Amino acid sequence: MADSTQAEKMSSSHGSDGFVDASAGQKAPFPAKDAKPAPQAASIVRELIYWRDVKMSGTVFGVTLLLLLSLAAFSVVSVLSYLLLALLIVTISFRVFKSVVQAVQKSDEGHPFRAYMEKDISLSSESFSRYVDTGLRHGNCVLKQLSRLFLVEDLVDSLKLAVFMWLMTYVGAVFNGITLLIIAHILVFSIPVVYEKYKTPIDRYVGIVHNQVKSVVSKVQAKVPGLSKRKPE
């Protein structure tokens with residue numbers, strides 16, 4: 001009787017706890033399908049704009065600024081043509097140089113770009129689907145916000161957008177699109193570093209300005225009928 005009871009306990013423990021241990025205690029041989037890799041692009045951008053590597057950030061900043069200045073002076077077709085032509089000149093010159101060196105030294109090193117040619121640069125269907133899903137998610141958020149603003153779900157927010165668009169008409173009269181891109185590029189590579197260095201005083205002054213603006217908006221909402229936000233039911 002004792003042996004049968006012990007056998008029942010062992011079987012019940014294998015039947016109930018055994019499955020839990022197999023799923024929780026043991027490691028799965030393959031990672032879960034829903035597991036996503038850590039976002040590398042965000043960390044790379046953060047490293048660049050915070051100038052963690054001065055040489056890399058300076059190179060990216062200089063090349064991008066030169067490209068934007070070229071687009072301001074020439075057409076897009078001309079800039080792309082010159083860039084591709086310069087790239088072809090470099091690769092062809094290096095290919096011919098290596099061929100001459102191999103002929104003189106009578107060596108058989110093969111194609112100088114073989115290591116790059118053998119790399120798989122194709123985009124997998126999983127990566128493409130992930131990028132499409134991310135784009136659709138952000139696009140739906142933007143469409144939702146635009147519909148909320150232009151259909152005047154909140155009158156105050158719609159008025160803020162109207163004032164911003166009115167101010168942008170003056171900005172557009174002074175600067176063109178490529179000039180705004182150049183200014184934005186310079187600010188992206190300068191503001192994060194300045195804010196990181198002077199974070200405490202900047203936060204203090206921004207808080208003062210934010211409180212003042214919030215106080216003015218509250219007074220306007222209290223005096224003008226129809227501007228007060230609805231309280232959620």
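The values are calculated or read from the model by the stated rules, or taken from the named source; none is laboratory data. Computed from a predicted model, the values in this text were never measured in an experiment. Here Cβ is always computed from backbone atoms with ideal geometry, including for glycine, and neighbour counts include all displayed protein chains. All accessible areas refer to the heavy atoms of the entire protein, side chains included, with ligands and DNA or RNA removed. Shrake-Rupley method; radii C 1.70, N 1.55, O 1.52, S 1.80 Å.
Go through LYS55/LYS197; LYS160/LYS197; LYS197/LYS219 and tell me which ones have a Cα-Cα distance over 24 Å in this structure.
LYS160/LYS197; LYS197/LYS219
For PHE150 and THR200, what does the FRET efficiency come to when R0 = 41 Å and r is the distance between their Cβ atoms, rounded to the nearest 0.05?
According to the calculation, E is roughly 0.55.
For the pair LEU66 and SER218, how long in nm is the line joining their label points, each one 7 Å along Cα→Cβ?
Distance between label points: 5.3 nm.
Please give me the summed charge of the neighbours of VAL100: other residues whose Cβ is under 15 Å from its Cβ, Lys and Arg +1, Asp and Glu -1.
My count for the surroundings of VAL100 gives +1.
So with the 1.4 Å probe, I'd like the accessible area per residue for region 54-121, rounded to whole Å².
About 83 Å² of surface per residue is accessible.
Please label the shape of region 63-165 as rounded, prolate or oblate, based on the square roots a ≥ b ≥ c of the eigenvalues of the alpha-carbon gyration tensor (a/c under 1.5 means rounded; beyond that, a/b larger than b/c means prolate, else oblate).
The shape class here is oblate.
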